[in-house]
Amino acid sequence: MFKKEFFLLCFMSLLLVSCEEPKNNSKQVLKEDIQAESVQSNLISVSDATKALKNYFIQQEFPASFLEGKVVLKDEFYDVDDTLLVYYFVVEGTKTENFYLVSAVDTLDPIMESGNADGLSYHVEEKGLKKPYYVGMNNIVFADNAQDLQEKFVSSKKQTLYMMEDEKNKLQLKADQSEDEAEKLELEQQLIYIEEMIIDTSERVLEPFPKASQRSKRWDELLKYK
(Lines give C-alpha, C1' and ligand atoms only; values in the text may rest on other atoms or scores of the structure.)
Protein backbone atom coordinates (compact mmCIF):
# COMPACT_ATOMS: atom_id res chain seq x y z
CA MET A 1 0.00 0.00 0.00
CA PHE A 2 1.36 3.40 -0.99
CA LYS A 3 2.63 5.53 1.91
CA LYS A 4 0.27 8.50 1.66
CA GLU A 5 1.11 9.40 5.24
CA PHE A 6 4.69 10.07 4.19
CA PHE A 7 3.71 12.59 1.56
CA LEU A 8 1.26 14.25 3.92
CA LEU A 9 4.10 14.71 6.40
CA CYS A 10 6.31 16.12 3.68
CA PHE A 11 3.86 18.76 2.59
CA MET A 12 2.91 19.70 6.14
CA SER A 13 6.58 20.44 6.77
CA LEU A 14 7.01 22.48 3.60
CA LEU A 15 5.60 26.01 3.33
CA LEU A 16 4.04 25.40 -0.07
CA VAL A 17 1.56 27.79 -1.60
CA SER A 18 -1.45 25.50 -1.81
CA CYS A 19 -4.27 27.97 -2.16
CA GLU A 20 -6.90 27.63 -4.84
CA GLU A 21 -5.23 28.56 -8.11
CA PRO A 22 -6.34 31.76 -9.83
CA LYS A 23 -8.01 31.47 -13.22
CA ASN A 24 -4.75 31.98 -15.08
CA ASN A 25 -3.18 29.12 -13.06
CA SER A 26 0.06 31.08 -12.74
CA LYS A 27 2.64 29.82 -10.23
CA GLN A 28 3.68 31.93 -7.23
CA VAL A 29 7.60 33.47 -6.75
CA LEU A 30 9.00 36.11 -4.47
CA LYS A 31 9.53 39.12 -6.79
CA GLU A 32 11.69 42.05 -5.76
CA ASP A 33 10.21 44.38 -8.37
CA ILE A 34 6.65 44.36 -6.97
CA GLN A 35 5.70 47.90 -6.07
CA ALA A 36 4.29 47.87 -2.56
CA GLU A 37 2.77 51.28 -3.16
CA SER A 38 0.70 50.07 -6.10
CA VAL A 39 -0.55 47.07 -4.15
CA GLN A 40 -1.44 49.15 -1.12
CA SER A 41 -3.30 51.67 -3.28
CA ASN A 42 -5.85 48.92 -3.86
CA LEU A 43 -6.46 48.38 -0.16
CA ILE A 44 -9.95 47.59 1.10
CA SER A 45 -10.76 49.21 4.45
CA VAL A 46 -11.77 47.11 7.44
CA SER A 47 -15.22 48.71 7.39
CA ASP A 48 -15.76 47.85 3.72
CA ALA A 49 -14.47 44.31 4.26
CA THR A 50 -16.89 43.90 7.18
CA LYS A 51 -19.78 45.29 5.15
CA ALA A 52 -19.01 43.04 2.19
CA LEU A 53 -18.85 40.00 4.48
CA LYS A 54 -22.20 40.78 6.11
CA ASN A 55 -23.79 41.36 2.70
CA TYR A 56 -22.30 38.06 1.56
CA PHE A 57 -24.18 36.32 4.38
CA ILE A 58 -27.44 37.99 3.31
CA GLN A 59 -26.87 37.30 -0.38
CA GLN A 60 -26.11 33.64 0.29
CA GLU A 61 -29.28 33.42 2.45
CA PHE A 62 -27.56 32.34 5.64
CA PRO A 63 -29.99 31.42 8.44
CA ALA A 64 -31.26 34.23 10.69
CA SER A 65 -29.55 32.68 13.72
CA PHE A 66 -26.22 33.08 11.92
CA LEU A 67 -26.91 36.65 10.80
CA GLU A 68 -27.38 37.61 14.44
CA GLY A 69 -23.78 36.64 15.18
CA LYS A 70 -21.11 39.28 15.72
CA VAL A 71 -18.47 39.73 13.02
CA VAL A 72 -15.14 40.26 14.80
CA LEU A 73 -11.81 41.17 13.18
CA LYS A 74 -9.22 38.87 14.77
CA ASP A 75 -6.10 39.72 12.80
CA GLU A 76 -4.57 40.82 9.52
CA PHE A 77 -2.49 38.46 7.38
CA TYR A 78 0.28 39.51 5.02
CA ASP A 79 1.48 38.47 1.60
CA VAL A 80 5.03 37.18 1.20
CA ASP A 81 6.20 40.62 0.05
CA ASP A 82 5.10 42.15 3.38
CA THR A 83 2.00 43.84 1.95
CA LEU A 84 -1.39 43.49 3.64
CA LEU A 85 -3.38 40.67 2.03
CA VAL A 86 -6.17 39.27 4.22
CA TYR A 87 -8.53 40.24 7.04
CA TYR A 88 -9.22 37.38 9.44
CA PHE A 89 -12.80 37.55 10.74
CA VAL A 90 -14.62 35.24 13.13
CA VAL A 91 -18.41 35.21 13.56
CA GLU A 92 -19.08 34.91 17.29
CA GLY A 93 -22.30 34.27 19.18
CA THR A 94 -23.52 31.46 16.93
CA LYS A 95 -23.80 27.74 17.58
CA THR A 96 -20.46 27.17 15.90
CA GLU A 97 -17.89 29.91 15.38
CA ASN A 98 -16.89 30.23 11.72
CA PHE A 99 -13.93 32.10 10.27
CA TYR A 100 -13.82 34.10 7.05
CA LEU A 101 -10.70 35.33 5.33
CA VAL A 102 -11.60 38.45 3.37
CA SER A 103 -9.21 39.96 0.87
CA ALA A 104 -7.66 43.26 1.91
CA VAL A 105 -7.05 44.27 -1.71
CA ASP A 106 -9.69 44.85 -4.36
CA THR A 107 -7.79 43.00 -7.09
CA LEU A 108 -8.71 39.70 -5.42
CA ASP A 109 -12.24 38.37 -4.90
CA PRO A 110 -13.58 39.23 -1.42
CA ILE A 111 -14.05 35.79 0.15
CA MET A 112 -10.78 33.87 0.02
CA GLU A 113 -11.44 31.09 2.53
CA SER A 114 -13.95 30.11 5.20
CA GLY A 115 -14.76 27.30 7.59
CA ASN A 116 -15.06 26.30 11.21
CA ALA A 117 -12.85 28.49 13.38
CA ASP A 118 -11.20 25.42 14.87
CA GLY A 119 -10.11 24.37 11.39
CA LEU A 120 -7.82 27.32 10.66
CA SER A 121 -4.17 26.67 11.43
CA TYR A 122 -3.79 29.92 13.34
CA HIS A 123 -2.73 29.80 16.97
CA VAL A 124 -2.30 33.16 18.64
CA GLU A 125 -0.01 31.70 21.32
CA GLU A 126 2.51 30.87 18.57
CA LYS A 127 2.41 34.36 17.10
CA GLY A 128 4.14 36.41 19.76
CA LEU A 129 5.64 39.48 18.10
CA LYS A 130 5.88 37.81 14.71
CA LYS A 131 3.87 38.73 11.64
CA PRO A 132 1.27 36.26 10.25
CA TYR A 133 1.69 35.43 6.57
CA TYR A 134 -1.05 33.80 4.49
CA VAL A 135 0.76 31.43 2.13
CA GLY A 136 -2.14 29.31 0.93
CA MET A 137 -5.31 27.51 1.84
CA ASN A 138 -5.42 27.03 5.62
CA ASN A 139 -1.73 27.84 5.86
CA ILE A 140 -0.61 30.67 8.15
CA VAL A 141 3.10 31.07 8.88
CA PHE A 142 4.57 33.35 11.53
CA ALA A 143 7.81 35.15 10.68
CA ASP A 144 9.67 38.34 11.56
CA ASN A 145 9.52 39.67 8.01
CA ALA A 146 9.55 38.59 4.35
CA GLN A 147 13.23 37.64 4.50
CA ASP A 148 12.67 35.47 7.57
CA LEU A 149 9.70 33.83 5.83
CA GLN A 150 11.80 33.11 2.75
CA GLU A 151 14.51 31.51 4.90
CA LYS A 152 11.89 29.32 6.62
CA PHE A 153 10.59 28.24 3.22
CA VAL A 154 14.05 27.37 1.91
CA SER A 155 14.85 25.40 5.06
CA SER A 156 11.57 23.48 4.95
CA LYS A 157 11.97 22.79 1.25
CA LYS A 158 15.46 21.39 1.82
CA GLN A 159 14.20 19.16 4.64
CA THR A 160 11.26 17.92 2.57
CA LEU A 161 13.46 17.07 -0.41
CA TYR A 162 15.80 15.17 1.92
CA MET A 163 12.87 13.14 3.26
CA MET A 164 11.63 12.42 -0.25
CA GLU A 165 15.04 11.33 -1.49
CA ASP A 166 15.42 9.06 1.54
CA GLU A 167 12.03 7.47 0.88
CA LYS A 168 12.90 7.10 -2.80
CA ASN A 169 16.12 5.22 -1.94
CA LYS A 170 14.22 2.90 0.40
CA LEU A 171 11.62 2.17 -2.27
CA GLN A 172 14.34 1.55 -4.87
CA LEU A 173 16.15 -0.89 -2.57
CA LYS A 174 12.91 -2.71 -1.81
CA ALA A 175 12.06 -2.90 -5.54
CA ASP A 176 15.52 -4.27 -6.38
CA GLN A 177 15.21 -6.98 -3.72
CA SER A 178 11.60 -7.95 -4.42
CA GLU A 179 10.95 -11.23 -6.22
CA ASP A 180 7.20 -10.71 -6.37
CA GLU A 181 6.27 -9.26 -9.77
CA ALA A 182 3.07 -7.61 -8.53
CA GLU A 183 4.87 -5.99 -5.62
CA LYS A 184 7.74 -4.95 -7.88
CA LEU A 185 5.31 -3.27 -10.31
CA GLU A 186 3.59 -1.38 -7.47
CA LEU A 187 6.94 -0.19 -6.10
CA GLU A 188 8.02 1.01 -9.53
CA GLN A 189 4.81 3.01 -9.82
CA GLN A 190 5.49 4.54 -6.42
CA LEU A 191 9.00 5.44 -7.55
CA ILE A 192 7.68 7.22 -10.61
CA TYR A 193 5.27 9.18 -8.43
CA ILE A 194 7.84 10.18 -5.86
CA GLU A 195 10.29 11.24 -8.57
CA GLU A 196 7.60 13.52 -10.01
CA MET A 197 6.99 14.92 -6.53
CA ILE A 198 10.70 15.59 -6.04
CA ILE A 199 10.88 17.51 -9.31
CA ASP A 200 7.73 19.48 -8.47
CA THR A 201 8.97 20.31 -4.97
CA SER A 202 12.42 21.35 -6.16
CA GLU A 203 10.80 23.86 -8.52
CA ARG A 204 8.57 25.39 -5.84
CA VAL A 205 9.23 29.01 -4.98
CA LEU A 206 7.48 31.47 -2.70
CA GLU A 207 5.87 34.45 -4.36
CA PRO A 208 3.08 36.96 -3.80
CA PHE A 209 -0.47 36.05 -4.69
CA PRO A 210 -1.12 36.75 -8.39
CA LYS A 211 -3.59 39.59 -8.44
CA ALA A 212 -5.79 40.84 -11.25
CA SER A 213 -4.92 44.09 -13.00
CA GLN A 214 -8.37 45.53 -12.23
CA ARG A 215 -10.74 45.68 -9.29
CA SER A 216 -12.84 42.54 -8.82
CA LYS A 217 -16.48 43.17 -9.77
CA ARG A 218 -17.46 41.02 -6.81
CA TRP A 219 -16.47 43.84 -4.46
CA ASP A 220 -18.91 46.27 -6.05
CA GLU A 221 -21.63 43.61 -6.02
CA LEU A 222 -21.26 43.01 -2.29
CA LEU A 223 -20.73 46.61 -1.23
CA LYS A 224 -23.81 47.79 -3.14
CA TYR A 225 -25.97 44.87 -2.04
CA LYS A 226 -28.75 46.19 0.24
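Each residue of segment 154-159 was assigned a 3J(HN,Hα) from its phi angle through the Karplus curve 6.51 cos²θ - 1.76 cosθ + 1.60 (θ = phi - 60°); the sequence is 4, 5, 5, 4, 4, 5 Hz, with glycine and proline shown as x. Phi angles of segment 133-139 translate, via the Karplus equation with coefficients 6.51, -1.76, 1.60 and θ = phi - 60°, into HN-Hα couplings of 10, 9, 10, x, 3, 6, 9 Hz per residue; Gly and Pro are given as x. What the phi angles of segment 102-108 give under the Karplus curve with 6.51, -1.76 and 1.60, with θ = phi - 60°, is a coupling list of 10, 4, 9, 10, 7, 8, 10 Hz, glycine and proline written as x. In terms of its alpha-carbon gyration tensor, segment 88-220 comes out prolate; a/c meets the 1.5 threshold, and the first ratio a/b outweighs b/c. Among the protein heavy atoms of segment 107-210, carbon and sulfur supply 49% of the accessible surface, probe 1.4 Å, non-protein parts ignored. List, in the order given, every pair from Lys54/Lys127; Lys51/Lys217; Lys51/Lys95; Lys70/Lys152 whose Cα-Cα distance in the structure shown is over 26 Å. Flagged as over cut-off: Lys54/Lys127; Lys70/Lys152.
The values are calculated or read from the model by the stated rules, or taken from the named source; none is laboratory data. These numbers were taken from a predicted model, which means no experiment stands behind them. Accessible surface areas use protein heavy atoms only, side chains included; no ligands, DNA or RNA. Shrake-Rupley method; radii C 1.70, N 1.55, O 1.52, S 1.80 Å.
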